[in-house]
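Engineer: Please read through the structure below; I'll follow up with questions.
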């Protein structure tokens, strides 16, 4: 941490951060039973640690409620804490910090107003923390942060007795978790990586130490450090640390909520279908509609190539949403997007996992559904194909938004579709219409 503060400009904090509304005050004496919930003054500043963990069964999580709030201000008995909480407190004490922020203890969990007020401050809480402790391998509070390590496999190398020495070779430590943090399309299959709250906590944290069942891993704003001391995962390109994932919607969408409110407030409530945040409690299909090269093979374009070769074909006429509270990044009760586009009204005639046939066009069209569809149920149903992007270079390509109509005249997004050689529009058996679609 000292190296991170002194040598990493993006990790360094120039001033002491302001404390959250409440923190757990850790006693200096490990023999003193219990710690206390400390209510901070509005502008009080001090360094503190934050914890990122999976709840598991909510009924077993020690938490602050309206009934225990005053008691916990005096002391939080050690026996009510989970193993993960006790381990995190121990680490906080050994690192010389006085305070740690733990969600279940620092938010009054059965007070909707307190929960709503605190939930929208996660950016400040994790962003201001000097360090985030992450229970990467723990599915709940029972597992804790410390694991019995598997000893590395050792083998003796045959040696001439006259050398009077022995040689051993040891299997190298598996850096699987560290590798999942960098350059991978997902965050791996670790318990912590499956929770949307924990994903948010990762990208907001200045630095994080992950306790896994294999090794301890340190992640900072521009790289990842393994327990063996190697920092070879840092690249020369864009930052590899948590800041580079801030707008990575795909990774966030691939996580899942434990509870209904587990989706961060700015992403939940009535998320419109044109937002990836609308998919809750189901797998999300991010198989992209590929761009086809002149040779007939799929081609991946860089950002500059996309800007040069592809032209948007839609016009946003209006965007509107209703907020539940005064927080501009908080909960919403609904949202609409008015999109003017060239569209074709059609029906699904045949549906496969990633290819579909529409009744206006005899060929199969590549299609990536936003979420799992019951193929038998969607066949014969009405849909509109809205042209959103067209390629005007050698690599002919059209990309369509697939929407289905609602009874009230609005539409909902269900998929992306793509066609080669502009076949869908120009060779359609139905004329295209330019109109405005209201997506909800």
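Values quoted throughout were computed directly from the atomic coordinates according to the rules given, and no laboratory measurement underlies them. The structure displayed is predicted, hence computed values, not measured ones. Ideal geometry is used to build each Cβ from the backbone, glycine not excepted, and the neighbour counts take in all protein chains shown.
Engineer: Which order do the peptides 36-42, 398-404 take when ranked by the mean count of other beta-carbon atoms within 10 Å per residue, highest first?
Structural biologist: Most protected by this proxy first, the peptides run 398-404, 36-42.
Engineer: Per 0.36 nm of contour for each residue apart, how much would the distance between residue 347 and residue 95 grow if the chain were fully extended, relative to their Cα-Cα spacing?
Structural biologist: In short, 84.5 nm is gained.
Engineer: Give me the number: length gained by fully extending residue 408 to residue 320, i.e. 0.36 nm times residue separation minus the C-alpha to C-alpha distance, one decimal in nm. Working shown, then result.
Structural biologist: Details: separation 88, 0.36 × 88 = 31.68 nm, distance 1.72 nm.
Taking 0.36 nm per residue and subtracting the Cα distance, the gain is 30.0 nm.
Engineer: Once R0 is set to 35 Å, what does the formula 1/(1 + (r/R0)^6) return for the Cβ-Cβ distance between residue 157 and residue 3, expressed as a FRET efficiency to the nearest 0.05?
Structural biologist: According to the calculation, E is roughly 0.45.
Engineer: Which order do peptides 118-126, 65-73 fall in by mean Cβ count within 10 Å, highest first?
Structural biologist: In descending order of packing, they fall as 118-126, 65-73.
Engineer: Another one. So if R0 is 41 Å, what FRET efficiency would residue 67 and residue 338 give, r being the distance between their Cβ atoms, rounded to the nearest 0.05?
Structural biologist: Numbers: r = 48 Å, r/R0 = 1.18.
The computed FRET efficiency comes out at 0.25.
Engineer: Still on this model: Mind checking the full-extension length gain between residue 36 and residue 435? Use 0.36 nm per residue of separation minus the Cα-Cα distance, one decimal, nm.
Structural biologist: Between residue 36 and residue 435, full extension yields an extra 137.5 nm.
Engineer: How far is it, in nm, from the label point at residue 16 to the one at residue 216 when both lie 7 Å from their Cα along the line to the Cβ?
Structural biologist: It works out to 2.6 nm between the two label points.
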